[in-house]
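Asks: Input: one structure, supplied below.
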């Protein structure tokens, strides 16, 4: 038994719901902020900060919704289950019992599994919609995901070798005591590989071919509308923020408060945005070749680097 | 207002072959009443008005006026306007000028696939009375006989400023709860269908595109 009593489990679940709420709202807010920053780059004013919230409400208040079958219903549900599951096993605030979630019950591999889970569920759901553009979007998305998961997995293995643990809490604990202890300094090779993988994960240019807003109508979610879409939009914010929190925990020393968390995750996100506004889009074959070449090579080097660090 | 959905109240789908009829739904569309609590409906209308997703389907020459909306000069994103490439997710259909009979067929398909409540803005003089194409053999003269229209922005062509103004006017109408085009379409479904089938000779799609 992980939990001693029902009461402990209940209070954990309550705290987790609170974390979930904060992270989702933060994800939506930071999404609007990023949109505004991109708009400023293009010389526009951009959307109001409340726009993501209004969009979700609007879709929720749609009067009609049609279905393409059971899996079509389950697609968004699996997607958000993946988002919630990923967050559930990540310690959001280090050293805070309230916001450490269920990190004692699962480890890094479980988190990575959950990151896959949502994508695959979405692929099944969008597949049942029967729209050809959905199928194209899924094929592109999954192949790109396979490609960027390689450098990311190599970077994670490198970190596991370095800290000799799979527990996220212990990985964060090992990085405490100043910025010189962060993984970005102690194992910068792995961080580089993972940050390149992050570019693919966030889905901004040059790796946004699977969403391709104009060519294949926004890719996998083409047929999703009304409440399904508002679920997907909620998940997009939640999952986006969760990935950033995971990166912050793995490479940038975690956070001991919400303020630190927000600053760090925002700066990590800005890496993807700066690359995104500066570079045009890759074709999917180019994206896959890119990930299999340089980032994968850096990932392999990071494992050697970590091994040398250990033996040194 | 409610459209009773009994079993014999289905659509014929006579434009389809027997094999194709099995592939498409033959159910009639249904009208939806607003939420019983007025505050909830007002709140929903406020959200609908501030998040207008335009279907990226340029049906005529006026679609060229839609492009500048997203640029730095007009920046319609400020009003919650965004382009959507798929009819399932969009809520505003901007008819960009004249509609030829061939395009009307695609307009109907796209409009019916949009999820309600949905709004239609007609751009330019052509959808009102045919404009300079009034005596053309293949151009629709009076557009609102085929699809319910919420708003007209006249001119040939109206400039993007006029389009922004009409979007803001549409927002006002939505907030006041006056935009119920989707329900009007369902209530007068047979009349709209008869009009549509009168001009579209090669009707080879289901009677309602679910």
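The values are calculated or read from the model by the stated rules, or taken from the named source; none is laboratory data. The structure displayed is predicted, hence computed values, not measured ones. All Cβ positions, glycine included, derive from the backbone under ideal geometry; neighbour counts span all protein chains shown.
Asks: What helices (runs of 4 or more DSSP H) completely inside the stretch A:1-89 contain at least 1 residues that are facing chain B (nearest Cβ under 10 Å)? Step through it out loud before you land on a result.
Replies: Working: elements: A:6-41, A:51-60, A:70-88.
Once the helices (runs of 4 or more DSSP H) in the stretch A:1-89 are filtered for at least 1 residues that are facing chain B (nearest Cβ under 10 Å), what remains is A:6-41, A:51-60.
Asks: Next question. Looking at A:212, A:227, which one is touching a residue at least 40 places away in the same chain (Cβ under 8 Å), within 14 Å of chain B (Cβ to nearest Cβ) and not in a helix (DSSP H, G or I)?
Replies: Values: A:227 fails: not in a helix (DSSP H, G or I).
Testing whether each residue is touching a residue at least 40 places away in the same chain (Cβ under 8 Å), within 14 Å of chain B (Cβ to nearest Cβ) and not in a helix (DSSP H, G or I) leaves just A:212.
Residues are listed down the side, and each one gets a yes or a no for (1) assigned to a helix (DSSP H, G or I); (2) within 10 Å of chain A (Cβ to nearest Cβ); (3) out of contact with any strand residue (DSSP E or B) (no Cβ under 9 Å at 6 or more places or on another chain):
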position	(1), (2), (3)
B:20	yes, no, yes
B:25	no, yes, yes
B:28	no, no, yes
B:35	no, yes, yes
B:40	yes, yes, yes
B:54	no, no, no
B:62	yes, no, no
B:74	no, yes, yes
B:86	no, yes, no
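Asks: From the list A:114, A:102, A:109, pick out the single residue that is in a helix (DSSP H, G or I), surrounded by fewer than 21 Cβ atoms within 10 Å (Cβ to Cβ) and at pLDDT below 90. Before you say what the answer is, go through the steps one by one.
Replies: Working: A:114 fails: surrounded by fewer than 21 Cβ atoms within 10 Å (Cβ to Cβ); A:102 fails: in a helix (DSSP H, G or I).
When all the criteria are applied, what remains is A:109.
Asks: Here is a follow-up. For residue B:135, which of the numbered conditions (1) more than 17 Å from the chain's Cα centre (by Cα); (2) within 22 Å of residue B:90 (Cβ to Cβ); (3) modelled with pLDDT of 90 or more fails to hold?
Replies: Every listed condition holds for residue B:135 apart from (2).
Asks: Something else about it: Tell me which of these residue A:96 doesn't satisfy, since it passes every other one: (1) outside any helix (DSSP H, G or I); (2) crowded, with 18+ Cβ neighbours inside 10 Å.
Replies: All conditions pass for residue A:96, except number (2).
Asks: Would you check which residues across the stretch B:179-207 are assigned to a loop (DSSP other than H, G, I, E, B) and within 20 Å of residue B:44 (Cβ to Cβ) and list them? Give the steps one after another, and end with the answer.
Replies: We begin by selecting, within the stretch B:179-207, every residue assigned to a loop (DSSP other than H, G, I, E, B); these are B:179-180, B:188, B:200-207.
Matches in the stretch B:179-207: B:179, B:180.
Asks: Something else: For the list (1) touching a residue at least 24 places away in the same chain (Cβ under 8 Å); (2) closer than 26 Å to residue B:87 by Cα, I need the number of the one condition that residue A:67 fails.
Replies: (1)
Asks: Would you point out which residue out of A:33, A:57 is in contact with a helix residue (DSSP H, G or I) (Cβ under 9 Å, 6 or more places away or on another chain) and either under 30 Å from residue A:103 (Cα atoms) or surrounded by fewer than 17 Cβ atoms within 10 Å (Cβ to Cβ) (or both)?
Replies: Details: A:57 fails: either under 30 Å from residue A:103 (Cα atoms) or surrounded by fewer than 17 Cβ atoms within 10 Å (Cβ to Cβ) (or both).
A:33 is the lone residue from the list that is in contact with a helix residue (DSSP H, G or I) (Cβ under 9 Å, 6 or more places away or on another chain) and either under 30 Å from residue A:103 (Cα atoms) or surrounded by fewer than 17 Cβ atoms within 10 Å (Cβ to Cβ) (or both).
Asks: Take residue A:250 and decide whether it is surrounded by 20 or more Cβ atoms within 10 Å (Cβ to Cβ), within 14 Å of chain B (Cβ to nearest Cβ) and either in contact (Cβ under 8 Å) with a residue 12 or more places away in the chain or part of a loop (DSSP other than H, G, I, E, B) (or both). Quick ask: steps written out before the conclusion?
Replies: On the way: surrounded by 20 or more Cβ atoms within 10 Å (Cβ to Cβ): yes; within 14 Å of chain B (Cβ to nearest Cβ): no; either in contact (Cβ under 8 Å) with a residue 12 or more places away in the chain or part of a loop (DSSP other than H, G, I, E, B) (or both): yes.
Judged against the criteria, residue A:250 is not a match.
Asks: Could you say whether any residue in the stretch A:230-243 is farther than 19 Å from residue A:29 by Cα and crowded, with 20+ Cβ neighbours inside 10 Å? Lay out the reasoning, then the answer.
Replies: Here is the first cut: in the stretch A:230-243, the residues farther than 19 Å from residue A:29 by Cα are none.
No; the residues of the stretch A:230-243 include none that is farther than 19 Å from residue A:29 by Cα and crowded, with 20+ Cβ neighbours inside 10 Å.
Asks: Let me ask something else. So is residue A:105 more than 14 Å from chain B (Cβ to nearest Cβ), touching a residue at least 24 places away in the same chain (Cβ under 8 Å), more than 30 Å from residue B:91 (Cα to Cα) and out of contact with any helix residue (DSSP H, G or I) (no Cβ under 6 Å at 6 or more places or on another chain) or not? Talk me through it step by step, then tell me what you get.
Replies: Numbers: more than 14 Å from chain B (Cβ to nearest Cβ): yes; touching a residue at least 24 places away in the same chain (Cβ under 8 Å): yes; more than 30 Å from residue B:91 (Cα to Cα): yes; out of contact with any helix residue (DSSP H, G or I) (no Cβ under 6 Å at 6 or more places or on another chain): yes.
It is true that residue A:105 is more than 14 Å from chain B (Cβ to nearest Cβ), touching a residue at least 24 places away in the same chain (Cβ under 8 Å), more than 30 Å from residue B:91 (Cα to Cα) and out of contact with any helix residue (DSSP H, G or I) (no Cβ under 6 Å at 6 or more places or on another chain).
Asks: Let me ask something else about it. Quick one: would you say residue B:120 is in contact (Cβ under 8 Å) with a residue 40 or more places away in the chain, assigned to a helix (DSSP H, G or I) and buried (at least 18 other Cβ atoms within 10 Å of the Cβ)?
Replies: Numbers: in contact (Cβ under 8 Å) with a residue 40 or more places away in the chain: yes; assigned to a helix (DSSP H, G or I): no; buried (at least 18 other Cβ atoms within 10 Å of the Cβ): yes.
So residue B:120 does not fit the description; no.
Asks: Let me ask something else about it. Identify, from the list B:186, B:199, the residue that is closer than 17 Å to residue B:117 by Cβ, touching a residue at least 60 places away in the same chain (Cβ under 8 Å) and surrounded by 13 or more Cβ atoms within 10 Å (Cβ to Cβ).
Replies: On the way: B:199 fails: closer than 17 Å to residue B:117 by Cβ.
Answer to the selection: B:186.
Asks: Then there is this: If residue A:217 satisfies all but one of (1) within 14 Å of chain B (Cβ to nearest Cβ); (2) under 18 Å from residue A:52 (Cβ atoms); (3) not in a helix (DSSP H, G or I), what's the number of the condition it fails?
Replies: Status for residue A:217: all satisfied but (2).
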